[in-house]
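These notes are about the structure you will find just below.
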Amino acid sequence: MKELSFPFDSKLLLRKRKALKKQLLADNSQRIHKKIAVLGGSTTNDIISMMELFLLNFGIEPEFYQSEYNKFYEDAVFSNPELDSFAPDIIFIHTTSRNLTMLPESPAESPEQIQARLDDQFGYFKQIWLSLMEKFSCPIIQNNFELPLFRRTGSYDGWGYSGTAAFINRLNVLFSDYARNNNGFYINDINYLSSVIGLTNWHDPEAWYMFKHAVSMSAIPDLAYSVSCIVKSVYGKNQKVIDLDLDNTLWSGVIGDDGQEGIEIGPETAVGQSFSEFQEFIKGYKNYGVVLAVCSKNDEENALLGLDHPSSVLHPDDFVSIKANWDPKDRNIAESASDLNLGLDSFVFIDDNPAECAIVEGQLPMVNVVNLTSVDNAMYCLSRGGYFEVTSVSADDLKRSEMYAANAQRAAQQKSFGSYEDYLLSLDMKAEIVGFLPVYQQRITQLTNKSNQFNLTTKRYTETEIHEVSESADHICLCGRLADKFGDNGIVSVVIGKQNGDVLDMELWLMSCRVLKRDMELAMLDEVVRLAKERGIRRINGYYYKTAKNNMVSELYGAFGFQLDEKQENGDSVWHLDIDSYANKNKVIKVNEKENCNE
């Protein structure tokens, strides 16, 4: 919904929140259901109502638990039957500087006394986090702290040992250090948010005294959006691709008219420098695993000439797809999505031409569109838009662009083979199929939360739950990594089965769509059966739970040779396979040849 895309009109959202919610719920979108506990140190009603809108728009249907006013510590540390029975999937702790109780009181206090205050204040929050993690084993989102609006001692407050701002800054560093060292714990950076909004707009003392709002009403949508983007990222709802126009987007000028020497980019002019900065900003996304593509009305020869400019930061090999032609841009974006095997909702399209932006928005409403009115505005919209909110960075994330580029090479090679099996054999594929090794558990968790199409049960796991199931004697847990002559795809498949006597019930079976039709699923099945036989298992039960996106695997178990036991009206089905006489099905992938697998 356009009203909920950044930049949004906060006053409009607050005024029309009920109508917008009704409109979102009426669109019949398939959403994942998540239970979110909001533990607040101030009034949170309006924050929750705004979070609900943004999460619904992100494809997440939230159900909320809300603590009583300023009871976040009691709910976390002491038993609360209502919260316990709610069993949250994720917890948001909304505290602000108003909730800091151990701030320095006097400049006469020694550095050791103030350090003790800092340690006690951090320990207070750490006790909350440890208690919640022990009870619920779910992701936790915690605000850091904004600076106060008022200060007694001017700039000294920010660097003097007894300064309030100095104390808050040091506490924020401790929070950041904790987040870096504890998986499943995330910081909502209201220190940045309050700065970019402005402390005079963030704070509203009158609203605090009258209604116990720690944040001004006008800033609540921004706060709720920031938290919602973290939730979106945790559950794999991020965008994956930046698709860029070229002329007057990556450089100033029209390459077809002005030639390579006529476009402006580089340090020689102010305009050229701004476009260089924009290209550097975009390339930074690639370094975090965001895929870059080109969608330009241009002759391809001219497009490549512009990207090969001596001062260009981005070059042709930075892009996995370059569509430079005179076809409609919405058609090119759709073709890029098909080529990369990604949904249109994975794309962010950037163009300086408002007419082109309007056409793409009209024809492809799932695509996120940024109209580049200036390079600084585009960078601001990308940074505040939350399209690529980072909650974890795996080794596979860092190589994603190379993986998609290699897929394009594979697709090109396929055209030269008459037999598909010959094509697969030509790839020289090698798989490592192992248990949930600690080094892979972050990526495994990502896949369970991001994979929607090749996912038979669409069960989601936290990293803690993945660790727990990996150590369970009643489970068979496998992850598969696939490499070929074009490159390493990383961890691409995850299987979890629970043993009940001589039966294995499949709780999860998923695979990344970037390795579809490569027979990796057959290699995984062979290994599941091998381990099952070693445990004395004689039958495997498979379950398919239909969603809006996983129809492609509705008959997967049938293709495996399973027998259909039950099919319900809603599309769900149950299957079984007796494995005593099972024969391996994988013919094209070499499995667990350690000298060849990239470990």
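Give the stretch 36-47 a look and list any residue that's open to solvent by 10 Å² or more (accessible area, probe 1.4 Å) and free of Cβ contacts under 8 Å to residues at least 60 places away in the same chain, or say none. Reasoning before the result, please.
Within the stretch 36-47, the subset open to solvent by 10 Å² or more (accessible area, probe 1.4 Å) is 43, 45-46.
Residue satisfying the conditions is ASN45 alone.
Please work out which residue is nearest to VAL370 (Cα to Cα), limiting yourself to the stretch 309-332 and to residues that are open to solvent by 40 Å² or more (accessible area, probe 1.4 Å) and part of a strand (DSSP E or B). Steps first, answer last, please.
Filtering the stretch 309-332 for residues open to solvent by 40 Å² or more (accessible area, probe 1.4 Å) gives 310, 315, 317, 322, 325-328, 331.
Restricting the remaining residues to those that are part of a strand (DSSP E or B) gives 322, 325.
Numbers: ILE322: 19, ASN325: 21 Å.
Within the stretch 309-332, the match that is nearest to VAL370 (Cα to Cα) is ILE322.
Quick one: how many residues across the stretch 431-456 are among the polar types (S, T, N, Q) and in a loop (DSSP other than H, G, I, E, B)? Working first, answer last.
Quick first cut of the stretch 431-456, residues among the polar types (S, T, N, Q) only: 441-442, 445-446, 448-449, 451-453, 455.
Next, from what is left, pick out any that are in a loop (DSSP other than H, G, I, E, B): 451-453.
Result for the stretch 431-456: 3.
Take the conditions open to solvent by less than 10 Å² (accessible area, probe 1.4 Å), of a type in the set (S, T, N, Q) and at pLDDT below 95 and apply them to ASN586. Does it pass?
Details: open to solvent by less than 10 Å² (accessible area, probe 1.4 Å): no; of a type in the set (S, T, N, Q): yes; at pLDDT below 95: yes.
Here the answer is no, as ASN586 does not meet what is asked.
How many residues does the stretch 117-135 hold that are closer than 17 Å to ASP89 by Cβ and open to solvent by 30 Å² or more (accessible area, probe 1.4 Å)? It would help to see each step written out before you state the result.
In the first step, residues of the stretch 117-135 are kept if they are closer than 17 Å to ASP89 by Cβ; the result is 129, 132-135.
Cutting the leftovers down to open to solvent by 30 Å² or more (accessible area, probe 1.4 Å) gives us 133-135.
Counting residues in the stretch 117-135 that are closer than 17 Å to ASP89 by Cβ and open to solvent by 30 Å² or more (accessible area, probe 1.4 Å) gives 3.
Could you list all residues from the stretch 300-340 that are touching a Phe, Trp or Tyr at 6+ places or on another chain (Cβ under 9 Å), under 30 Å from GLY236 (Cα atoms) and polar (S, T, N, Q)?
Across the stretch 300-340, the qualifying residues are SER321, SER336.
Those residues that are of a type in the set (Gly, Ala, Ser) and assigned to a helix (DSSP H, G or I), I need them from the stretch 341-353; list them, please.
Initially, the stretch 341-353 is screened for residues of a type in the set (Gly, Ala, Ser), giving 343, 346.
Of everything in the stretch 341-353, just one residue is of a type in the set (Gly, Ala, Ser) and assigned to a helix (DSSP H, G or I), namely SER346.
Across the stretch 425-444, what is the total count of residues that are within 20 Å of ASP505 (Cα to Cα) and touching a helix residue (DSSP H, G or I) at 6+ places or on another chain (Cβ under 7 Å)?
Final tally of qualifying residues: 4.
Given the options GLY480, GLY490, GLY497, name the one that is in a strand (DSSP E or B) and touching a residue at least 60 places away in the same chain (Cβ under 8 Å).
Values: GLY480 fails: touching a residue at least 60 places away in the same chain (Cβ under 8 Å); GLY497 fails: touching a residue at least 60 places away in the same chain (Cβ under 8 Å).
Result: GLY490 is the single residue among GLY480, GLY490, GLY497 that is in a strand (DSSP E or B) and touching a residue at least 60 places away in the same chain (Cβ under 8 Å).
Where the second residue is open to solvent by less than 40 Å² (accessible area, probe 1.4 Å) and in a loop (DSSP other than H, G, I, E, B) and the first is closer than 18 Å to LEU314 by Cβ and of a type in the set (Gly, Ala, Ser) and lies in the stretch 257-271, which pairs have Cβ atoms under 7 Å and are six or more apart or on separate chains?
Partner pairs satisfying both residue conditions: GLY266/SER311.
Go through SER155, SER194 for me and flag whichever is exposed (fewer than 15 other Cβ atoms within 10 Å of the Cβ), under 28 Å from SER216 (Cβ atoms) and polar (S, T, N, Q).
Values: SER194 fails: exposed (fewer than 15 other Cβ atoms within 10 Å of the Cβ).
Going through SER155, SER194 in turn, the sole match is SER155.
Mind listing whichever residues of the stretch 253-308 are among the small types (Gly, Ala, Ser) and open to solvent by 10 Å² or more (accessible area, probe 1.4 Å)? Give the derivation first.
Just the residues of the stretch 253-308 that are among the small types (Gly, Ala, Ser), to begin with: 253, 256, 259, 262, 266, 270, 272, 274, 276, 284, 289, 293, 296, 303, 306.
Result: GLY253, GLY256, GLY259, GLY262, ALA270, SER274, SER276, GLY284.
For the stretch 132-168, which residues satisfy the criterion of being part of a helix (DSSP H, G or I) and more than 26 Å from the chain's Cα centre (by Cα)? Walk me through it before giving the result.
From the stretch 132-168, those part of a helix (DSSP H, G or I) are 132-136, 156-159, 164-168; that's our starting set.
Once the filter is applied, which keeps residues that are part of a helix (DSSP H, G or I) and more than 26 Å from the chain's Cα centre (by Cα), the stretch 132-168 yields TYR156, ASP157, GLY158, TRP159, THR164, ALA165, ALA166, PHE167, ILE168.
Among the residues of the stretch 500-551, count how many are open to solvent by 10 Å² or more (accessible area, probe 1.4 Å) and either among the small types (Gly, Ala, Ser) or in contact with a His (Cβ under 7 Å, 6 or more places away or on another chain) (or both).
Summing the residues that are open to solvent by 10 Å² or more (accessible area, probe 1.4 Å) and either among the small types (Gly, Ala, Ser) or in contact with a His (Cβ under 7 Å, 6 or more places away or on another chain) (or both) in the stretch 500-551 gives 6.
Matching residues to (1) under 25 Å from TYR461 (Cβ atoms); (2) open to solvent by less than 80 Å² (accessible area, probe 1.4 Å); (3) without any contact (Cβ under 8 Å) to a residue 40 or more places away in the chain; (4) over 28 Å from the mean Cα position of the chain (by Cα):
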site	(1), (2), (3), (4)
PHE64	yes, yes, yes, no
TYR69	no, no, no, yes
PHE72	no, yes, no, no
PHE78	no, no, yes, yes
LEU83	yes, yes, no, no
ALA87	yes, yes, no, no
ILE93	yes, yes, no, no
THR96	no, yes, no, no
LEU100	no, yes, no, yes
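Answer yes if at least one residue in the stretch 423-430 is surrounded by fewer than 17 Cβ atoms within 10 Å (Cβ to Cβ), modelled with pLDDT of 80 or more, part of a loop (DSSP other than H, G, I, E, B) and not hydroxyl-bearing (Ser, Thr, Tyr), and no otherwise.
Yes, some residue in the stretch 423-430 is surrounded by fewer than 17 Cβ atoms within 10 Å (Cβ to Cβ), modelled with pLDDT of 80 or more, part of a loop (DSSP other than H, G, I, E, B) and not hydroxyl-bearing (Ser, Thr, Tyr).
Restricting attention to the stretch 465-477, which residues are surrounded by 18 or more Cβ atoms within 10 Å (Cβ to Cβ) and either assigned to a loop (DSSP other than H, G, I, E, B) or small (Gly, Ala, Ser) (or both)?
Within the stretch 465-477, just SER470 meets the criteria.
For the stretch 212-236, enumerate the residues that are of a type outside the set (A, V, I, L, M, F, W, C) and either free of Cβ contacts under 8 Å to residues at least 40 places away in the same chain or touching a Phe, Trp or Tyr at 6+ places or on another chain (Cβ under 8 Å) (or both).
Step one: of the stretch 212-236, the residues of a type outside the set (A, V, I, L, M, F, W, C) are 212-213, 216, 218, 221-222, 225-226, 228, 232-233, 235-236.
Once the filter is applied, which keeps residues that are of a type outside the set (A, V, I, L, M, F, W, C) and either free of Cβ contacts under 8 Å to residues at least 40 places away in the same chain or touching a Phe, Trp or Tyr at 6+ places or on another chain (Cβ under 8 Å) (or both), the stretch 212-236 yields LYS212, SER216, PRO221, TYR225, SER228, LYS232.
Does the stretch 519-527 contain any residue that is farther than 28 Å from ASN341 by Cα, in contact with a strand residue (DSSP E or B) (Cβ under 6 Å, 6 or more places away or on another chain) and in a helix (DSSP H, G or I)? Full working, then the answer.
Narrowing the stretch 519-527 to residues farther than 28 Å from ASN341 by Cα: none.
The answer is no, given that none of the residues of the stretch 519-527 is farther than 28 Å from ASN341 by Cα, in contact with a strand residue (DSSP E or B) (Cβ under 6 Å, 6 or more places away or on another chain) and in a helix (DSSP H, G or I).
Across the stretch 268-308, which residue is nearest to SER252 (Cα to Cα) among those that are part of a helix (DSSP H, G or I) and charged (D, E, K, R)? Break it down stepwise before answering.
First pass over the stretch 268-308, keeping only residues part of a helix (DSSP H, G or I): 270-287, 300-307.
Then drop every residue that is not charged (D, E, K, R), which leaves 277, 280, 283, 286, 300-301.
Values: GLU277: 13, GLU280: 15, LYS283: 18, LYS286: 22, GLU300: 18, GLU301: 18 Å.
Of everything passing the filter in the stretch 268-308, GLU277 is nearest to SER252 (Cα to Cα).
Enumerate the strands (runs of 3 or more DSSP E) found wholly within the stretch 535-591, keeping only those where 2 or more residues are of a type in the set (D, E, K, R) and over 29 Å from the mean Cα position of the chain (by Cα).
Working: elements: 539-544, 563-567, 573-578, 589-591.
Hits in the stretch 535-591: 563-567.
Taking the residues in the stretch 20-35 that are among the aliphatic types (A, V, I, L, M) and touching a residue at least 12 places away in the same chain (Cβ under 8 Å) as candidates, determine which candidate is most open to solvent (accessible area, probe 1.4 Å).
Applying the first criterion (among the aliphatic types (A, V, I, L, M)) to the stretch 20-35 yields 20, 24-26, 32.
Retained after the next criterion (residues that are touching a residue at least 12 places away in the same chain (Cβ under 8 Å)): 20, 24-25, 32.
Working: LEU20: 4, LEU24: 5, LEU25: 90, ILE32: 31 Å².
Ranking the candidates gives LEU25 first.
Let me spell it out: the conditions are (1) touching a helix residue (DSSP H, G or I) at 6+ places or on another chain (Cβ under 9 Å); (2) over 25 Å from LEU13 (Cβ atoms); (3) at pLDDT below 95, and ALA108 meets all of them except one. Which number is the exception?
(1)
Somewhere in the stretch 263-270, is a residue touching a strand residue (DSSP E or B) at 6+ places or on another chain (Cβ under 7 Å) and within 26 Å of SER5 (Cα to Cα)? Before you say what the answer is, go through the steps one by one.
From the stretch 263-270, those touching a strand residue (DSSP E or B) at 6+ places or on another chain (Cβ under 7 Å) are 263-265; that's our starting set.
The next check asks that each one be within 26 Å of SER5 (Cα to Cα); those that pass are none.
There is no residue in the stretch 263-270 that is touching a strand residue (DSSP E or B) at 6+ places or on another chain (Cβ under 7 Å) and within 26 Å of SER5 (Cα to Cα).
Would you pick out the residues in the stretch 295-332 that are farther than 17 Å from ASP258 by Cα and among the acidic types (Asp, Glu)?
ASP317, ASP318, ASP327, ASP330
Given GLU335, GLU356, GLU402, GLU361, which one is assigned to a helix (DSSP H, G or I), modelled with pLDDT under 90 and not small (Gly, Ala, Ser)?
Working: GLU335 fails: modelled with pLDDT under 90; GLU356 fails: modelled with pLDDT under 90; GLU361 fails: modelled with pLDDT under 90.
Answer to the selection: GLU402.
The values are calculated or read from the model by the stated rules, or taken from the named source; none is laboratory data. None of these values were measured; they are calculated from a predicted model. Cβ atoms come from the backbone with ideal geometry, glycine included; neighbour counts cover every protein chain shown. Surface accessibility is based on the protein's heavy atoms, side chains included, excluding ligands, DNA and RNA. Shrake-Rupley method; radii C 1.70, N 1.55, O 1.52, S 1.80 Å.
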